[in-house]
1. Looking at (1) over 19 Å from residue 124 (Cα atoms); (2) surrounded by fewer than 22 Cβ atoms within 10 Å (Cβ to Cβ); (3) in contact with a helix residue (DSSP H, G or I) (Cβ under 6 Å, 6 or more places away or on another chain), which one does residue 13 not meet, given that it meets all the others?
2. Filter region 265-304 down to the residues that are touching a residue at least 12 places away in the same chain (Cβ under 8 Å) and part of a loop (DSSP other than H, G, I, E, B) and list them by number.
3. What are the residues in region 203-217 that are in contact with a helix residue (DSSP H, G or I) (Cβ under 7 Å, 6 or more places away or on another chain) and at pLDDT below 95, if any?
4. Select from region 237-256 the residues that are surrounded by fewer than 21 Cβ atoms within 10 Å (Cβ to Cβ), free of Cβ contacts under 8 Å to residues at least 60 places away in the same chain and closer than 17 Å to residue 227 by Cα and list them in ascending order.
5. If residue 224 passes every condition in (1) surrounded by fewer than 17 Cβ atoms within 10 Å (Cβ to Cβ); (2) touching a residue at least 12 places away in the same chain (Cβ under 8 Å) but one, which one does it miss?
6. Out of all the residues in region 16-42, which are assigned to a loop (DSSP other than H, G, I, E, B) and buried (at least 19 other Cβ atoms within 10 Å of the Cβ)?
7. Taking the stated definitions as given, is residue 192 modelled with pLDDT of 95 or more, assigned to a loop (DSSP other than H, G, I, E, B), touching a helix residue (DSSP H, G or I) at 6+ places or on another chain (Cβ under 9 Å) and surrounded by 23 or more Cβ atoms within 10 Å (Cβ to Cβ)?
8. Out of everything in region 230-244 that is touching a helix residue (DSSP H, G or I) at 6+ places or on another chain (Cβ under 9 Å) and in a helix (DSSP H, G or I), what residue ends up being farthest from residue 188 (Cα to Cα)?
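The values are calculated or read from the model by the stated rules, or taken from the named source; none is laboratory data. Keep in mind that what you see is a predicted model, and the values were worked out from it rather than measured. Methodologically, a virtual Cβ is constructed for each residue, glycine included, from the backbone with ideal geometry; neighbour enumeration extends over all protein chains shown.
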């Protein structure tokens, strides 16, 4: 009988748990979203997120075990994402996992949230994906990795300011679109002209760098809406078509930048496989351009399915790699909010 792991995810604003078997079959998965709590702020408020995790973590774990039809005693390990993420959110998951490990005597395993996003590609592909170049693109991260193996990642580059997902949220707010901004921008863009505005593509032609920058793009959208200086959005009324054109042009700029640097990373590493995960990877325009550019270069492309792009605990199955390697954690395990830029 395959070994079972309970995985816990609380890095940002989703409280999630899953029971996954070593053959990567999912026995149960539960995700409690906080979108409704953060909508009025057009972005995640860390304190609100942490308090919501406190309220939801035990019910989510309990429901996951119930759906899986297993008890804590039947588990072989407890795994938790402890890096990177919001400090308060991470702590809730880490404390819950350590408490369960202490109470049951089960091994404790640590998960790097970003590496897990790439491992979601492994689960979806049903085959080996390593070595590869990994692109994680989400609300808090836009990062490129050389992935020699599931627990051997080398940071190649990433955003030097805002993450792509954060830019989507901020631009959606400027355009009067709802939170979360990614899906809202994508829906509006379907009716728009992606060439209506010539928005900048920062660092696009700097081939010596595998970095991203989206701050200037956000500023360009602000100026397109309300002019330079101190934009007064309350004095601006946009038509539906104007919103659609701005959304489409902004989305096209983000997608162009993300794809160009990912392809450059593949070329520079000499690898022939690109794996993409994270919430923004659910964007259809991004998926379409990735497919076109990789096919033209005979690059094997693996993108996590939409249900595994947004934060979830299923991708925490990467913990089996640490279990098999005997890489257990002590009860001193702590939350590490910052981005880890070296091999784990």
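1. Tallying (1) over 19 Å from residue 124 (Cα atoms); (2) surrounded by fewer than 22 Cβ atoms within 10 Å (Cβ to Cβ); (3) in contact with a helix residue (DSSP H, G or I) (Cβ under 6 Å, 6 or more places away or on another chain), residue 13 fails exactly one: (2).
2. Residues satisfying the conditions are 271, 272, 278, 283, 297, 298, 299, 304.
3. 204, 207
4. Correct list: 237, 239, 242.
5. Exception for residue 224: condition (1).
6. 34
7. The answer is yes for residue 192.
8. Filtering first and then ranking leaves 235.
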